[in-house]
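Trainee: The structure's right below; bear with me while I get my questions together.
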Amino acid sequence: MTLSGFLGAGKTTTLVAVAKHLQSQGRRVAVITNDQGTELVDTQLAKSAIAEAGEVTGGCFCCRFEDLLTVAQRLVDGHQVDTLLAEAVGSCTDLQATVIRPLSAHYGERFAPAPLLVVVEPERLDALRTSLPLEDTESDMSYLFGK
Ligand SMILES: Nc1nc2c(ncn2[C@@H]2O[C@H](COP(=O)(O)OP(=O)(O)O)[C@@H](O)[C@H]2O)c(=O)[nH]1
Ligand SMILES: [Mg+2]
């Protein structure tokens with residue numbers, strides 16, 4: 001399952017809660033974190049709650065699909081993980097086209113991607129909806145919001 005959403009929307013909180021819940025049901029869960037930088041705080045946070053965690057650093061999932069695949073395969077093959085929860089960095093766009101569909105199309109025998117989950121903060125969503133010129137296709141923020 002891949003989570004997307006703006007910075008601070010609640011992705012990590014949701015992901016850790018879902019991972020703990022699935023783990024308590026007997027699933028072998030691993031978390032994959034992602035950010036533009038290195039030494040990710042979220043990876044340490046996930047490791048304190050979940051048995052296994054991996055990370056994709058130095059770029060978003062959409063630019064580092066191969067890295068995501070390598071980490072996912074290592075967790076499944078090396079740690080007998082049956083459920084992967086992956087949090088994309090907030091700047092990642094169009095995960096449907098760059099991650100979910102390629103995973104289904106080319107690695108569908110190994111992975112069954114869940115529908116893309118987008119976490120939104122309701123009040124922020126309302127504020128953005130009224131303040132952003134959504135019809136302005138030249139605006140970077142409108143593009144990101146739309147995606
Ligand atoms: N009030 C409230 N705060 C939340 C909720 N979910 C997350 N937070 C807080 O919002 C902040 C950002 O959450 P985080 O999960 O790190 O967001 P991320 O950047 O999308 O991964 C943290 O301080 C969380 O404790 C929620 O449902 N309600
Ligand atoms: Mg996070």
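Trainee: For the chain, what is the calculated [θ] at 222 nm in deg cm²/dmol (nearest 500), taking -39500 (n - 2.57) for each run of four or more DSSP H residues and dividing by its residue count?
Mentor: Values: 6 runs with 62 residues, N = 147.
Result for the chain: -12500 deg cm²/dmol, rounded to the nearest 500.
Trainee: Tell me, what ³J(HN,Hα) does each residue in segment 17-22 have, in order and in whole Hz, if you take phi through Karplus 6.51 cos²θ - 1.76 cosθ + 1.60 with θ = phi - 60° and put x for Gly and Pro?
Mentor: Going residue by residue, I get 5, 5, 4, 5, 4, 5 Hz, with x marking Gly and Pro.
Trainee: What are the ³J(HN,Hα) values, in whole Hz, obtained from phi via the Karplus relation 6.51 cos²θ - 1.76 cosθ + 1.60 with θ = phi - 60°, for each residue of segment 88-97 in sequence order, with x given for Gly and Pro?
Mentor: 7, 4, x, 7, 6, 10, 6, 5, 4, 7
Trainee: Local charge sum around THR12 (other residues, Cβ-Cβ under 15 Å, Lys/Arg +1, Asp/Glu -1)?
Mentor: Its environment carries a net charge of -2.
Trainee: How about segment 52-82: which GluC sites (Glu not before Pro) there lie in a loop by DSSP and see at most 13 other Cβ atoms within 10 Å?
Mentor: none
Trainee: Here's another thing I want to ask about it. Return P(r) of the chain (all Cα-Cα pairs; 10 Å bins starting at 0; whole %; ordered from short to long distances).
Mentor: Distribution as computed: 11, 41, 34, 12, 2 percent.
Trainee: Of the trypsin sites (Lys or Arg not before Pro) in segment 38-118, which ones lie in a loop per DSSP and count no more than 13 other C-beta atoms within 10 Å?
Mentor: Filter output for segment 38-118: ARG110.
Trainee: Straight-line reach from LYS147: which lysines have Cα under 21 Å away, leaving out those fewer than 8 places along the same chain?
Mentor: LYS11
Trainee: Which ³J(HN,Hα) values, rounded to whole Hz and listed in residue order, are derived for segment 49-55 from phi using the Karplus coefficients 6.51, -1.76 and 1.60 in 6.51 cos²θ - 1.76 cosθ + 1.60 with θ = phi - 60°, glycine and proline given as x?
Mentor: 10, 10, 4, 10, 8, x, 8
Trainee: Give the aspartates and glutamates whose C-alpha is closer than 20 Å to that of LYS47, dropping any in the same chain fewer than 8 places away, or say none.
Mentor: Cα-Cα hits under 20 Å: ASP35, GLU39, GLU55, ASP67, ASP77, ASP82, GLU87.
Trainee: Using amide H atoms built 1.01 Å from N in the peptide plane, name the residues 5+ places from VAL119, or on other chains, whose amide H lies under 5 Å from its own.
Mentor: Under 5 Å from the amide H of VAL119: SER4, GLY5.
Trainee: Please list, in chain and number order, the residues 5+ apart from ILE32 or on another chain whose amide H is under 5 Å from its amide H, with Hs placed from the backbone.
Mentor: GLY54, LEU85, ALA86, GLU87
Every number here is computed from the coordinates shown, using simple stated rules; none is lab data. On a predicted model such as this, the values are computed, not experimentally measured, just so you know. Neighbour counts are summed over all protein chains in view; Cβ atoms, including those assigned to glycine, are modelled from backbone coordinates with ideal geometry.
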